[in-house]
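Worksheet: the structure to be examined is printed underneath.
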Amino acid sequence: MELRELANALGGLTVDGDESFQVDGVASLDDAGQSDLGFVRDDVVAATLGGRAVGALIAPHGIEVGGRPAIRSANPSLDFARATGLLHPAPKPPRGIHPRAFVDPSAEIDPSAAVGPLASVGAGCRIGPGSVVHPNVAVGEDVVIGADCVLHLGCVVREGTRIGDRVILQPGCAIGGDGFGYEFDEKGEHAKVPQVGNVVLEDDVEVGANSTIDRARLGSTRIGRGSKVDNLVMIAHNVEVGAHSIFISQVGIAGSTTIGERVFFMAQSGAGGHLKIGDGAFVGARGGVIEDLEAGSRVWGFPALPERTWHRSQAIFGRLTDLVRRVRRLEKQTGGNDS
């Protein structure tokens, strides 16, 4: 793709230098060749360009790039990501149902969709235009999948799940498994609580590899529009997540918790059940939320503390050994430790 063509596809960006420069692909600055496109965010990175072979760049306005042709961007990282998608489009299997797939006769598959070998699509399912069901995916009965979705290898989508448009399910994720619910019976043994609800994934949701989202006991477990779930995340039954929230790897959310819009759970953090997490809240890595959080809260640690309090406590914790020594010296000086 010529640089001018790429700049136009990125929203009519301007090009400094040779607009006809032919870009063959993208690469990191360390690995790029003379026909590759790279990007720089600032002067600090641009200062390292000397001796590198990268042929063209996406760079902020006013940043010197050593005479190379450059697409000028206010957000080089974002535009580089978009350029990557244009230069390296994901392969798409041919439309239609592979002869080695199983599709129930009552299922409705749009002619432009693709169902791969050894995939299974249950009775009453509907799969929308442009969606791709890769090999070894199991789709249960009465599942609705919207347009332009991608279900990667080995996903399991259980009965009754509702999936919006442009949803991506990475390999091995499980959508709609039973919520973990039991009651003690007359013998004091565990009696399973039927989980008769479903899961709803709204438009533009992505769920990472080997993550699980459980079906509701009643009603729906819902993941809001544009939210992103990383690998190895567990979201329990009847959780409701607002739009554009983020869950990094190994997050766990217990049942019936309500999470607002644009909430951010860092790696290995989690929330107890039946809580309310306000819009824009941030939970730091390994943070454990056990009470409601107001909108805009920033918390760390377990139990989760406000960010400033947590940082101060960590600073004190690092000085505990020295503080103990000082206390012991004072005890010796005062003749004991009686209060």
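Values in this text are rule-based calculations from the coordinates and carry no lab data. Quick caveat: nothing in here was measured; it's all calculated off a predicted structure. Backbone-built Cβ (ideal geometry, glycine too); neighbour counts: all protein chains shown.
Observations on the model:
- Of the DSSP H helices in the chain, those that are both long (alpha-carbon extent of 15 Å or more along the helix axis) and hydrophobic (Kyte-Doolittle mean at least -0.5) are 76-87.
- The range 3-87, relative contact order in percent, only Cα pairs under 8 angstrom and at least six apart counted: 30 percent
- Cα-based shape type of the range 73-200, given that a ≥ b ≥ c are square roots of the gyration tensor eigenvalues and the cut on a/c is 1.5: oblate
- For the range 96-308, the relative contact order is 9 percent, taking Cα pairs closer than 8 Å that sit 6 or more residues apart in sequence and dividing their mean separation by the residue count.
- Whether the range 3-87 is rounded, prolate or oblate, judged on the alpha carbon gyration tensor where a/c under 1.5 counts as rounded: rounded
- Considering only L86, L153, L305, the mean-square fluctuation computed in a Gaussian network model of the chain, springs between alpha carbons under 10 angstrom, is largest for L86.
- Calculated [θ] (222 nm, deg cm²/dmol) that DSSP helices of n ≥ 4 give over the chain, each run adding -39,500 (n - 2.57): -4500 deg cm²/dmol
- Debye, to nearest 20: dipole size of the chain, +1 on Lys, Arg Cβ, -1 on Asp, Glu Cβ: 1140 debye
- When the Gaussian network model of the chain links Cα atoms closer than 10 Å, the mean-square fluctuations of V327, V121, V193 top out at V327.
- Highest to lowest packing among 310-323, 48-61, scored as the average C-beta count within 10 Å: 48-61, 310-323
- Remark: the Cα gyration tensor places the chain in the oblate category, a/c being 1.5 or greater and a/b not exceeding b/c.
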